[in-house]
Amino acid sequence: MSRSPSKRGGNVTQRYRARRGEITPEMRFVAKREKADPEFVRSEVARGRAIIPANVNHLRHRLEPIIIGINFNCKINANIGNSATTSCLKDELRKVDMAVKYHADTVMDLSTGANLDDTRAAIVKHSRVPVGTVPIYGALSRVGKAEDLSPSLVLEEIEKQARQGVDYMTIHAGVLREHVSLTKKRLTGIVSRGGALLAQWMSAHGRQNFLYTHFEDICAIFKKYDVAFSLGDGLRPGSLHDANDEAQFAELKVLGDLTLKAWEHDVQVMIEGPGHVPLHLVQMNADLEQKWCHEAPFYTLGPIVTDVAPGYDHITSAIGGALIGWAGASMLCYVTPAEHLSLPDAEDVRQGCIAHKIAAHAADLARGRRGARDWDDAISKARYEFRWKDQFALAMDPSTAKKKHDATLPAESYKDARYCSMCGPEFCSMRLSRDAHKILKERETPLSLGTGKVSKAPRCKAAKNAVSPRKREPVSAR
Ligand code: SF4
């Protein structure tokens, strides 16, 4: 798969080609991955209900395209990137590998520290999953203060990153000047970095958000390289107190209008969502996004469903993620145990990915997505048949599953044992259940059809053996 950027204002986006009836190599690739019909993939991309973020300059490297949309498996994103206090390119590339190993479908480089251009270029080159960025961070690093940002500088930054091969960019174009005062009553103000920077710029200059006023200039860049919009939720709630408030939904409405504008240019769009939202208010977010943003894929941060568990926010977020995924979100942005506390390290990345992969898979199961249950049924069968090695191999995190098992029963012989250390040999309910079924099967009395006579019950060998199931266990396996 390799295409070239458009010269002289042409359009190379997947949406442009889908709307003209073309099934691209990227559409065929994702169709195979999702076990879907390529024509269905094309129609979903053409309709705007799915996107394939695949910058033509990333396709030249290692990119393996994915599709994000309500009718496909729920995806997860892992945020990586350095900060002003912690910065090492080797560590960032290690985080990319860790994220991909533990099921991340995309990574976002949210670096705000040193060497931003080199870090981004290295991540794009290294990553076989789509890469997203928030270009206003790069622009800010060039001027130092939000007030010194200018539309031309930000457009220049966006074009540079598009040229580097970034597949999707968070553009906070929906935060309008008139929305800022709506956040005054909030407990935690504006918690999105992009949203807060733009609020500061608009207040200082008394002007409208330049990402909104220059939106079509951004579309012109995006269609040259096929960069997808991730329309940012700059006014997402940062606490349960602020969830689903006027400011949040005012921005969401604007994102719906901008979606239509981007589609006029055949640029692909997904919509970012909250944030901190209690369980009972989650569904409303998915419903309004579908309605106001014309079914464009919903890409949500969590949501985190309680504010009281710093250190465990991968769990608070995965709970909300499962619920919003079930309600229709197409991609979940992970949250790590380091959220609100520090820059995540590689172990935080692993934990965040696993927690959100569980959430995304739970959503796939609940929505009845093709093939999702096969995985669960396969591992359940292996579990019931005491095929320990198969059980480890089928686990979402095989090495952790094996490590946990082997911590108490490490000998190789226990890989055939009909119990583990949780209940022990005498109380293993699965073994007792299997033995009970075996006895029942052997005692079954088939009716002799036609004669009206009942045949003699077969001799129950299993019952004899079942008196002491422990006897049948190899000594080595106890
Ligand atoms: S011992 Fe308990 S936990 Fe272990 S396999 Fe048997 S039923 Fe499952």
So if I take the centroid of the Cα atoms in region 1-54 and the same for region 288-320, what is the distance between those two points in Å?
28
With a Cα-only, solvent-free Debye model of region 381-446, what are the log10 I(q)/I(0) values at q = 0.21, 0.25, 0.26 Å⁻¹?
-0.87, -1.11, -1.17
Amide hydrogen neighbours beyond the local backbone of L110, cut-off 5 Å, H modeled:
I80, G81
The percentage of Cα-Cα pairs in region 232-351 separated by more than 25 Å is 22
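Over every pair of different alpha-carbon atoms in region 127-213, take the mean of 1/r and invert it; report that Kirkwood radius in Å.
After inverting the pairwise mean of 1/r, the radius is 13.7 Å.
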My understanding is that a pair violates if its Cα-Cα distance is over 21 Å; which of K32/K75; K101/K223; K90/K403; K90/K145; K90/K224 do that in this structure?
K101/K223; K90/K403; K90/K145; K90/K224
Need the full-extension length gain, S4 to R443, defined as separation in residues times 0.36 nm minus the C-alpha distance. One decimal, nm.
151.0 nm
Which residues among region 267-281 fall inside the zone where the amide N is under 14 Å from a point 7 Å beyond the Cα of L187, along Cα→Cβ?
276-279
Computed label-point distance, nm, for sites A407 and K160 using a 7 Å Cα→Cβ extension:
4.7
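Percent of Cα-Cα pairs more than 23 Å apart in region 320-440, please.
Here the long-distance tail beyond 23 Å is 48 percent of all Cα pairs in region 320-440.
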The Kirkwood hydrodynamic radius of the chain, taken as the inverse of the mean 1/r over all distinct Cα pairs, in Å, comes to 24.4
So the FRET efficiency between A204 and A84, C-beta based with R0 = 22 Å and rounded to 0.05, is 0.50
How long are the three semi-axes of the equivalent ellipsoid of region 1-55, in whole Å, if each is the root of 5 times an eigenvalue of the C-alpha gyration tensor, listed from largest down?
20, 12, 8
Given a Förster distance of 30 angstrom, what is the FRET efficiency for F427 paired with Q283, based on the Cβ-Cβ distance and rounded to 0.05?
0.15
Would you calculate the separation in nanometres between label points at D257 and S150, each defined as 7 Å from the Cα along the Cα-to-beta-carbon direction?
2.7
Distance in nm between label sites at A395 and R367, each 7 Å beyond Cα in the beta-carbon direction?
2.8
Three principal axis lengths of region 111-177 [C-alpha, angstrom, descending]
38, 25, 17
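Could you please report the charge total around A338, scoring K, R as +1 and D, E as -1 over all other residues with beta-carbon less than 9 angstrom from its beta-carbon?
Net of charged neighbours comes to -4.
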Region 1-156, Rg to Rh (Cα coordinates; Rh as Kirkwood inverse mean 1/r):
1.01
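Laboratory data are not the source of any read-out in this text; all were calculated from the coordinates shown. No experiment lies behind these values; they were computed from the predicted model shown. We place every Cβ from the backbone using ideal geometry, glycine too, and count neighbours over all the protein chains shown.
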